Amino acid sequence: MELFIDTGAVSEVEEIASWGVLSGATTNPSLLAKEDGEPGDIIRKIADLVNGPTSAEVVSADAEGMIAEGQALRKLHDHVTVKVPFGPEGLKATRALTDDGAMVNMTLVFSPNQALLAASSGATFVSCFMGRLDDISVDSSKVLEEIVDVLRARDLESKVLAASIRHPEHMVTAASLGCDIATVPAKVFHQMLNHPLTTEGAAKFESDWKSRPEFGEWLSGLVAADKG
Ligand code: G3P
């Protein structure tokens, strides 16, 4: 499963991209609205940082407007993926944009049938929301499993992108179900990173090493010799 970052904050992308784990990014109007600066500048910076598909979302309600916005957004950067909300107008726009060579991320997908339609319209990525399903007491893992099964059965090329990720367990579920991508908020990346036994183990290694001062001298000498 590839990891995208789900944010409009360039600073968050800079931090997580430095870990060497990112393959792309997703933004949406709500995430961008939280940030200062022009959306185009933010999207270009994020696309440069992740060096992979970077979703920028259209906001028109009709296909004609979505297509026009999508054509303009994709010119911001080679990595820009046009993000299109699910619906009849979104399906029309997705078919037109993908036929014209654009990458499209169809978003706000909450069921296998919606995912089947999104994939059938040619969407490159199908963003299947987990957290918002859990918020209304619907088992997101069951829905995601059905979506993966349906799209794999149809042998459709669209990639299943797990979105609305709220905690590390969503990541384990998405990966174990065979999702192609998960788009992850910076907060969840940090939750994935931390484990008390890792912290405890690193502290023990450091204290045991320091208990033999000659070892530190040996290693410093080794580094100096290597640098020549
Ligand atoms: O990109 C979709 C994602 O940002 C939605 O997440 O937490 O607002 O449901 P959330």
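The values are calculated or read from the model by the stated rules, or taken from the named source; none is laboratory data. In this text the structure is predicted, and so the values were computed from the model without any measurement. Please note: Cβ atoms are built from the backbone with ideal geometry, for glycine as well, and neighbour counts cover all protein chains shown. Remember, those area values only see protein heavy atoms, side chains included, never the ligands or the DNA or RNA. Shrake-Rupley method; radii C 1.70, N 1.55, O 1.52, S 1.80 Å.
Using only Cα atoms, figure out Rg for region 60-185 and give it as a multiple of 2.2 N^0.38 Å.
Details: Rg = 14.1 Å, N = 126, 2.2 N^0.38 = 13.8 Å.
The value comes to 1.02.
Send over a whole-number figure in Å² for the accessible area per residue of region 1-139, probe 1.4 Å.
Values: 6070 Å² over 139 residues.
Counting only protein heavy atoms, the per-residue value for region 1-139 is 44 Å².
Quick check: from the Cα gyration tensor, does region 118-158 come out rounded (a/c under 1.5), prolate or oblate? Please report the intermediate quantities before stating the final value.
Working: a/c = 3.77, a/b = 1.88, b/c = 2.00.
Because a/c hits 1.5 or more and a/b fails to exceed b/c, region 118-158 counts as oblate.
Calculated FRET efficiency, SER30 and ASN194, Cβ-Cβ r, R0 30 Å, to nearest 0.05? List each step's numbers first, then the result.
Details: r = 26 Å, r/R0 = 0.88.
That gives a FRET efficiency of 0.70.
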On a straight-distance basis, which lysines could pair with LYS45 in a cross-link, Cα separation under 21 angstrom, same-chain partners fewer than 8 positions away excluded? LYS34, LYS75, LYS83, LYS187
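If you average the sequence gap of Cα pairs under 8 Å that are 6 or more apart and divide by the length of the chain, what percent do you get for the contact order?
Working: 389 pairs, mean separation 36.6, N = 228.
About 16 percent, as a whole number.
On average over all directions, what projected area in square nanometres does region 1-82 have, based on the convex hull of its Cα atoms?
Details: hull surface 21.3 nm².
Projected over every direction and averaged, the Cα hull of region 1-82 covers 5.3 nm².
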For the chain, find the longest principal axis of its Cα atoms and tell me its angle to the long axis of helix 196-210, 0 to 90°, nearest 10. 30
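Heavy atoms only, probe 1.4 Å: what % of the accessible area of region 59-141 goes to carbon and sulfur, would you let me know?
Values: 2010 of 3550 Å².
Ligands and nucleic acids excluded, carbon and sulfur reach 56 percent.
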For a quick check, take a GNM of the chain with Cα springs below 10 Å and name the residue from ALA123, ALA174, ALA61 with the largest mean-square fluctuation. ALA61
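Could you give me D for region 43-121, from Stokes-Einstein at 20 °C and 1.002 mPa s, where the hydrodynamic radius is the Kirkwood radius over C-alpha pairs? Units µm² s⁻¹, please. Don't skip to the answer; put the middle values down first.
Working: Rh = 12.4 Å.
It diffuses with D of about 173 µm²/s by this estimate.
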In degrees, nearest ten, helix 39-50 long axis to first principal axis of the chain (Cα): 50
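Out of region 21-94, which trypsin sites (Lys or Arg not before Pro) are coil in DSSP terms and have no more than 14 other C-beta atoms within 10 Å? Before the final figure, lay out each step's value.
Working: sites: LYS34, ARG44, LYS45, ARG74, LYS75, LYS83, LYS92; in loops: LYS34, ARG74, LYS75.
The qualifying sites are LYS34, LYS75.
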Region 113-210: spread of alpha-carbon positions along the three principal axes, whole Å, largest first, is 61, 29, 19
Which log10 I(q)/I(0) values, to two decimals, does the chain give at q = 0.08, 0.15 Å⁻¹ under the Debye formula with one point per Cα? -0.36, -0.94
Quick one: Debye curve from the C-alpha atoms of region 58-104, no solvent, what's log10 I(q)/I(0) at q = 0.17 Å⁻¹? -0.36
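Using Cα pairs under 8 angstrom and six or more residues apart, how large is the relative contact order of region 141-214, in percent? Show your work: numbers first, answer last.
Working: 48 pairs, mean separation 20.9, N = 74.
Relative contact order, region 141-214: 28 percent.
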